[in-house]
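K.L.:
I am attaching a structure below and will ask some questions about it afterwards.
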Amino acid sequence: MSAGQPGHDVAWWDAKHRDRGAHDDVDPSVRSACLPLVPGAGGAVDLACGTGRHARWLAARGWDVTGVDSSPGGLEVAALAADGRGVAARCRWEVADARTWEPPAPVGLVVVAFVALPRLVERTAGWLGPGGRLVVVGHAHANAVRGVGGPGDPRLLHDVAALHDGARAAGLVVRLAAEVERPVRWDDGGRRTQVDAVLVADAP
């Protein structure tokens, strides 16, 4: 991140991704939003994809996916995992700043999971081709009050009303804009509740 931007820098993420490695835990809100879709023209984008869990899952479902992240270490892990799971041919990895990256042509699906970016909805809405879908999932502001985990900096949390209004202003049809509570495993082996903000919106 550049000076003044919230969050960790690329070196921190490189170390974290290489240490933790790949995992295939697809977020349930991402899963439910994408399962009904038929892979279409333009493919999919997994923006700020980290180690590519959602990109690999989409590729296994027949999507051609571009995974974008600023962490070369994360994308190295992602590429190795895609090869090991037999989906490398459908995955393309780009080291780039998710705040400024743009696809070269309209896409059918954009997934943005657990990252807060400037003008997120406004930018990504413009990438969609006709009938394309935008899926945004992240820690909600309410998570800081009644949930666990996630960042403490409010700039890295999502406001459902802002997501909804941004999608409507961008001309999208909002299918879902809500706070979603889900159980997560905690360090002590027990279960806790995390509060996510979820936006599912379609281009007309």
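The values are calculated or read from the model by the stated rules, or taken from the named source; none is laboratory data. On a predicted model such as this, the values are computed, not experimentally measured, just so you know. In this analysis, Cβ positions are derived from the backbone assuming ideal geometry, glycine residues included, and neighbour counts consider all displayed protein chains.
K.L.:
Which of the residues belonging to segment 46-99 are among the charged types (D, E, K, R) and part of a helix (DSSP H, G or I)?
P.N.:
Arg53, Arg56, Glu76, Asp83, Arg90
K.L.:
Further, regarding this structure: So how many residues does segment 147-204 have that are loosely packed, with under 13 Cβ neighbours inside 10 Å and either touching a Cys at 6+ places or on another chain (Cβ under 7 Å) or without any contact (Cβ under 8 Å) to a residue 24 or more places away in the chain (or both)?
P.N.:
Summing the residues that are loosely packed, with under 13 Cβ neighbours inside 10 Å and either touching a Cys at 6+ places or on another chain (Cβ under 7 Å) or without any contact (Cβ under 8 Å) to a residue 24 or more places away in the chain (or both) in segment 147-204 gives 10.
K.L.:
Right, here's the next one. Hey, could you check segment 62-84 for residues that are of a type outside the set (A, V, I, L, M) and surrounded by fewer than 16 Cβ atoms within 10 Å (Cβ to Cβ) and say which is nearest to Asp202 (Cα to Cα)?
P.N.:
Looking at the filtered set, the residue picked out is Gly62.
K.L.:
Considering only residues of segment 9-35 that are modelled with pLDDT of 70 or more and outside any helix (DSSP H, G or I), which is nearest to Leu134 (Cα to Cα)?
P.N.:
Leu35
K.L.:
Then there's this: For a quick check of your reading of the model, give me the residue pairs whose first member lies in segment 108-131 and is part of a loop (DSSP other than H, G, I, E, B), whose second is among the charged types (D, E, K, R), with beta-carbon atoms closer than 7 Å and at least 6 apart or on different chains.
P.N.:
Ala116/Arg155; Leu117/Arg99; Pro118/Arg99
K.L.:
Name, by its number, the condition in (1) at pLDDT below 95; (2) touching a helix residue (DSSP H, G or I) at 6+ places or on another chain (Cβ under 8 Å); (3) surrounded by fewer than 24 Cβ atoms within 10 Å (Cβ to Cβ) that does not hold for Ala98.
P.N.:
Evaluating Ala98 over (1) at pLDDT below 95; (2) touching a helix residue (DSSP H, G or I) at 6+ places or on another chain (Cβ under 8 Å); (3) surrounded by fewer than 24 Cβ atoms within 10 Å (Cβ to Cβ) leaves (2) as the failure.
K.L.:
How many of the residues making up segment 86-98 are out of contact with any Gly (no Cβ under 7 Å at 6 or more places or on another chain) and touching a residue at least 40 places away in the same chain (Cβ under 8 Å)?
P.N.:
Matching residues across segment 86-98 total 1.
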